[in-house]
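Colleague: Encoded as structure tokens, here's the structure I'll be asking about.
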Amino acid sequence: MAHASYTSRRSGLTTAVVVRRAASPCNWTSRTRVSPWRSSERRFPVSDEPERRLDYSTTSLEDARVRSVGLFSGIGGLELGLCDAGIETELLCEYWEPAADTLRRRFDAPVVGDIRELRSLPTADIVAAGFPCTDLSQVGRTAGISGDESGLIREVFRLVADTPPTWLVLENVPNMLTLQGGSPIRHVTEWLDENGWNWAYRTVDSRHFGVRQRRRRVFLVASKTQDPRTVLFADETGGSSAQKRHTAYGFYWTEGNRGIGWGEGVVPTLKGGSKLGIASPPAVWIPSAEDGRAICRPSIAAGERLQGFRAGWTDGSGTLGERWKLVGNAVTVPVAKWLGSRLVAPGYPVDVDRRALTPGRRWPFAASSVAGNREAWSIGERPVDKRSGVSLMNLLDRYTAEPLSLGATSGFTKRLKASTLRRDDRFVAALDAHIAALTAG
Ligand SMILES: C[S@@+](CC[C@H](N)C(=O)[O-])C[C@H]1O[C@@H](n2cnc3c(N)ncnc32)[C@H](O)[C@@H]1O
């Protein structure tokens, strides 16, 4: 039986959190469980070339029982993806009640609250932390990595310093590479360097994982004993999507001055942001729909699907606005599944251009530092190329969408027309027709 230790600030009492040996890692994915679990000493890769074997030595966990701890778990997008890859969830940490409520409903693992009160972690192979982006994201406060919320990364460092897992997984917005000259990524990697961790990070886009959402995120994998390049850089599909006619276009109706987040066949990134403020789901234009229905807002069930959760994942947890925030904050489930699969079964890194990572230059979209060898990787954001089986239009048809209100459409159209943004004339005509239809009746 494994334990974590949690001290409540209110009562001052320290309790041992007993980590149950659940029959399944989370109650949604129990059908995907792999068994039996056997430990393996097999090393990866098995190569005939001794130098290559030395370069990329990582232990495969394929036949082992693999356990993870989730910090800043939100509604568990990261953890659910890991579960889908056969990894058991031992402990979850989340202090916002609507999110914690979803976790308790969906996972067979204890959920503890404020990370600052978590004294220790149970032994685990993986510690995963999609730490708060509020101070780093373009839509957030951009106070930076020392901000009140994003600065909580220090709590992750404190916990893994005491009990280093085989793998540490961090996730955040790409702005962490550019904000204040890249100070967030520098802060994270300096701590890892100073404390003897190998690390690699890569920017990937959810749209290549079978969901109809554009969502670029940075995943960082670190280990004191393993080579994270065998996890993050083992897959690359390259190329670009073939141009095709789309039947629906996503955009942010709340914007319109500097950009609208235009997406062809996809919605722009679902946003979460802080606990304060209202999360605003994007809108979608469906050219073939009748006037008055062609400009619409996806339902929350559609939003959950756009993040790779099953529809209804957050049912019963908080208000509709809170549920959009929960969904917008999450890691896209199939992206986490890909990562989990590679943590369990690392692969051989692909052969792409690499150069020395030079201090003072822009942080690249992908980089690594292994045994002091720091490199920038010319690798794309599409490790896999999984096509969505359902178009954005059909997704909204299946999970419903409401017409965008007259006020919202009028305000957006006014801003768009007054801006210097390039726009499709047919789209502007559709907005005018939507306003006319709603005004008429
Ligand atoms: C970016 S979200 C994580 C989303 C999550 N990875 C997922 O896939 O759903 C960050 C989460 O950290 C939580 N959080 C912020 N401060 C916290 C604290 N002091 N203790 C525990 N959780 C905290 C927030 O409530 C939020 O749900």
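The values are calculated or read from the model by the stated rules, or taken from the named source; none is laboratory data. As the structure is a computational prediction, the values presented were derived from the model and not from experiment. Backbone-built Cβ (ideal geometry, glycine too); neighbour counts: all protein chains shown.
Colleague: Can you name the residue in region 304-320 that is assigned to a helix (DSSP H, G or I) and in contact with a Ser or Thr (Cβ under 9 Å, 6 or more places away or on another chain) and, of all such residues, is farthest from Gly74 (Cα to Cα)?
Modeller: Ranking the qualifying residues of region 304-320, first place goes to Leu306.
Colleague: Right, here's the next one. Report, by residue number, each residue of region 147-165 that is farther than 11 Å from Ser120 by Cα, part of a helix (DSSP H, G or I) and either within 12 Å of the ligand (Cβ to nearest atom) or hydroxyl-bearing (Ser, Thr, Tyr) (or both).
Modeller: Correct list: Ser150, Gly151, Leu152, Ile153, Arg154.
Colleague: Among the residues that make up region 53-67, is at least one of them within 15 Å of the ligand (Cβ to nearest atom) and modelled with pLDDT of 95 or more?
Modeller: Looking for residues that are within 15 Å of the ligand (Cβ to nearest atom) and modelled with pLDDT of 95 or more, one finds none in region 53-67, hence no.
Colleague: Could you list all residues from region 318-346 that are under 16 Å from Phe219 (Cα atoms), out of contact with any helix residue (DSSP H, G or I) (no Cβ under 7 Å at 6 or more places or on another chain) and within 11 Å of the ligand (Cβ to nearest atom)?
Modeller: Within region 318-346, just Asn329 meets the criteria.
Colleague: Out of all the residues in region 246-259, is one or more of a type in the set (Val, Ile, Thr) and at pLDDT 95 or above?
Modeller: No, because not a single residue in region 246-259 is of a type in the set (Val, Ile, Thr) and at pLDDT 95 or above.
Colleague: Next question, about the same structure. Does Arg212 satisfy the condition of being at pLDDT 95 or above and buried (at least 22 other Cβ atoms within 10 Å of the Cβ)?
Modeller: For Arg212, the condition - at pLDDT 95 or above and buried (at least 22 other Cβ atoms within 10 Å of the Cβ) - is met.
Colleague: Which members of region 393-410 meet the condition of being of a type outside the set (A, V, I, L, M) and more than 31 Å from the chain's Cα centre (by Cα)?
Modeller: Residues satisfying the conditions are Gly407, Ser410.
Colleague: If you don't mind, there's one more thing I want to ask. Which residues, counting only those in region 89-146, are near the ligand (Cβ under 9 Å from one of its atoms), part of a loop (DSSP other than H, G, I, E, B) and not charged (D, E, K, R)?
Modeller: Tyr95, Trp96, Gly113, Gly130, Phe131, Pro132, Cys133, Thr134
Colleague: Right, next: Strands (runs of 3 or more DSSP E) wholly in region 342-433 with at least 2 residues that are touching a residue at least 40 places away in the same chain (Cβ under 8 Å), within 26 Å of Leu168 (Cβ to Cβ) and touching an Asp or Glu at 6+ places or on another chain (Cβ under 9 Å) - which ones? Full working, then the answer.
Modeller: Values: elements: 354-356, 366-370, 373-377, 401-403.
Qualifying strands (runs of 3 or more DSSP E): 366-370.
Here's the yes/no breakdown for (1) more than 21 Å from Ala330 (Cβ to Cβ); (2) at pLDDT 90 or above; (3) among the charged types (D, E, K, R):
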{"position": "Gly144", "(1), (2), (3)": "yes, no, no"}
{"position": "Pro165", "(1), (2), (3)": "yes, yes, no"}
{"position": "Leu170", "(1), (2), (3)": "no, yes, no"}
{"position": "Val173", "(1), (2), (3)": "no, yes, no"}
{"position": "Met176", "(1), (2), (3)": "no, yes, no"}
{"position": "Leu179", "(1), (2), (3)": "yes, no, no"}
{"position": "Ser183", "(1), (2), (3)": "yes, no, no"}
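Colleague: I would also like to ask the following. Which one of the conditions (1) in the same structural domain as Val169 (by TED's automatic domain parsing); (2) touching a strand residue (DSSP E or B) at 6+ places or on another chain (Cβ under 9 Å); (3) within 26 Å of Gly259 (Cβ to Cβ) does Arg362 fail to meet, given that it meets all the rest?
Modeller: (2)
Colleague: Looking at region 314-322, can you tell me whether even one residue there is crowded, with 24+ Cβ neighbours inside 10 Å and touching a residue at least 24 places away in the same chain (Cβ under 8 Å)?
Modeller: Of region 314-322, the ones crowded, with 24+ Cβ neighbours inside 10 Å are 314.
The next check asks that each one be touching a residue at least 24 places away in the same chain (Cβ under 8 Å); those that pass are 314.
Yes, the conditions are met somewhere in region 314-322.
Colleague: Next question. Look at region 166-184 and say how many of its residues are β-branched (Val, Ile, Thr) and within 16 Å of the ligand (Cβ to nearest atom).
Modeller: Looking only at that region, the number is 2.
Colleague: Could you give every pair whose Cβ atoms fall below 6 Å, whose first residue belongs to region 108-137 and is without any contact (Cβ under 8 Å) to a residue 24 or more places away in the chain and assigned by TED's automatic domain parsing to the domain that holds Trp167, and whose second residue is within 10 Å of the ligand (Cβ to nearest atom) and among the charged types (D, E, K, R), counting only separations of at least 6 or pairs across chains?
Modeller: From region 108-137, the pairs are Asp135/Glu149.
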